[in-house]
Amino acid sequence: MAVGEAIPPTASRAALLVLADGRFPAGGHAHSGGAEAAVKAGRVRDAGTLEAFCRGRLHTAGLTAAGLAAAAAAGLDPLALDEAADARTPSPALRAAARRLGRQLTRAVRATWPSPELDALAAARPRGAHQPIVLGLAARAAGLTPLDAAYAAVYESVSGPATAVVRLLGLDPFDATGVLARLAPELDAVAARAADAARGGLDALPAGAAPLLDIMAEVHAAWPVRLFAT
Amino acid sequence: MHLDHPDAYPHRHTYSAAHPLRGDGSRRALRIGLGGPVGSGKTATVAALCRELRDRVSIAVVTNDIYTREDAEFLLRNAVLPPERITAVETGACPHTAIRDDISANLEAVEDLEEAVGPLDLILVESGGDNLTATFSKGLVDAQIFVIDVAGGDDIPRKGGPGVTTADLLVVNKTDLAPYVGADLEGMARDAKAQRGDLPVAFTSLAAEGGVGPVADWVRAQLAAWTAGPR
């Protein structure tokens, strides 16, 4: 295959495993997805409350991120999507975090699946585009589908908090992983819904929001002592 | 070796962390990592190095605190460098991940410093206090210093581990405390030699005037070798 030639879609499903792996070096390990603030507030205390937290995040922030990622993977204009992501992210702290993570993901993907589209986005947004849009372009560059991109986004929306709570509470890692396994059918449904919505274009993208996550993100950002960046 | 088509992705090499040249062909700042256990004197070593070298060398510092900004604030409070030359990276309860397994936040901090304060000669990347297995990725730093101290136990060099064994410089700090904690400095030197072969070891007492001297001399030698490297 010549350099720059697109990899045919579905060429490598295993690429999705690489992209969705929590060890993919794109900065996610420093973020708890709101779990640290929820633990401090006493709302996440055990496996049951972790599951409730993850379910809430999946159907709000997770769905929104998955729609953006699927749309980017489908080839919608990344800069228009970046504005759409801003409009869907009321918390300034979370906007800043999404761009920082987008920049870190850009660095990793330019080394793993280089693509002219991602280079163009990096040039237009040198301080980082919203992470789900970069995730969608990464999936696209890796020959994955919009639905695959949505899967990566929804899995990340729950795996990040679950991992963080293992560190924050000393929660049994088997229990935390059990939470993720129980949520799997819902991950399927939310990813499919996001990919469907992306077929309807920019204005049809989900705009789910969790006001408590937004408010607590602002509070958390002002803590002088914390383990996670968000 | 450049096996890629020369025009396919022109920015690609600027994203290779280990590449020694800037976009304009000049040599980028030398990056030196400092790791080691909690309380061994990493931040004190960074502060002393800045004071010793800052008149001749353009320096910046990245700190990787575990859960606070204390290390960065210590450096700021002691005014070893202007604030725009010090950046803190948040590490999500895993400082060794941020310096070894996922270096993206540290690379960004390094690049932002160079962009904000102009061409630098030296960037010191300080790890959060961590265990004896913590080492820096070669994608992040060009050389690394591992700092231990005599009060942490004089058996640390004998026990080895990646930091003690492979660091480009091993610093054994707080030698002034050796009589009080019953540490055998000669034994530590012998054990370190056995673990490290020809790799250098510096015994320091930062409490003394000029105590960072041996480390500063090593850094100067690294800088000279870096500057003389191929373009």
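The table below lists the values:
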quantity	calculated
Using a Förster distance of 51 Å, the FRET efficiency for B:Thr133-A:Arg182 (Cβ separation, nearest 0.05)	0.90
Distant-in-sequence amide H partners of B:Arg27 (H built 1.01 Å from N, under 5 Å)	B:Arg22
Listed residue (B:Gln195, B:Pro179, B:Ala208) projecting farthest to the positive dipole end of region B:171-214, Cβ model	B:Gln195
Chain A - percent relative contact order, Cα under 8 Å, separation 6 or more	37 percent
Lys, Arg +1 and Asp, Glu -1 on Cβ, resulting dipole of region B:38-227 about Cα centre, debye, nearest 20	460 debye
Helix-only mean residue ellipticity at 222 nm for chain B, each DSSP H run of n ≥ 4 adding -39500 (n - 2.57), per residue, nearest 500	-9000 deg cm²/dmol
Only Lys, Arg (+1) and Asp, Glu (-1) charged, at Cβ; the protein assembly as shown dipole about Cα centre in debye	160 debye
Rg and Dmax of region A:50-221, Cα atoms only, in Å	15.4, 43
Base-10 log of normalised Debye intensity for region B:38-227 (one unit scatterer per alpha-carbon) at q = 0.14 Å⁻¹	-0.77
Ascending count of other beta-carbon atoms within 10 Å, so fewest first, for B:Val57, A:Val18	A:Val18, B:Val57
Base-10 log of normalised Debye intensity for the protein assembly as shown (one unit scatterer per alpha-carbon) at q = 0.08 Å⁻¹	-0.51
Computed [θ] at 222 nm, deg cm²/dmol, chain A (DSSP H ≥ 4; -39,500 (n - 2.57); rounded to nearest 500)	-20500 deg cm²/dmol
Inverse of mean 1/r across different Cα pairs in region B:107-194, Kirkwood, Å	14.7 Å
Angle between chain B longest axis and helix B:185-196 axis [Cα atoms, degrees, rounded to 10]	40 degrees
Which of A:Val134, B:Val147, B:Val62, A:Val225 has the fewest Cβ neighbours within 10 Å, and the rest in rising order	A:Val225, B:Val62, B:Val147, A:Val134
Ranked B:Ser104, B:Ser205, A:Ser159, B:Ser127, criterion: other C-beta atoms within 10 Å, fewest first	B:Ser205, A:Ser159, B:Ser104, B:Ser127
Computed lengthening from B:Arg22 to B:Ala208, 0.36 nm per intervening residue step minus Cα-Cα distance	63.1 nm
Nearest-ten-degree value, helix A:173-199 long axis tilted from longest Cα axis of chain A	40 degrees
Gaussian network model of chain A, springs between alpha carbon atoms under 10 Å - residue of A:Ala61, A:Ala73, A:Ala149 with greatest fluctuation	A:Ala61
0 to 90° range, to nearest 10: angle between helix A:131-141 axis and chain A longest Cα axis	40 degrees
Cα centroid of region B:177-231 to Cα centroid of region B:142-175, whole Å	9 Å
Region A:50-221 - charge dipole about Cα centre, Lys and Arg +1 at Cβ, Asp and Glu -1, debye rounded to 20	420 debye
A:Leu79/A:Ala192 FRET efficiency (R0 25 Å; Cβ-Cβ; nearest 0.05)	0.40
Trypsin sites (Lys or Arg not before Pro) lying in DSSP loop within region B:40-105, provided at most 11 other Cβ fall within 10 Å	B:Arg56
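Only the coordinates and a few stated rules stand behind these numbers; no lab work does. Just so you know, these numbers come straight off a predicted model, no measurement behind them. Note that each Cβ is placed from the backbone with ideal geometry, even for glycine, and that neighbours are counted across all protein chains shown.
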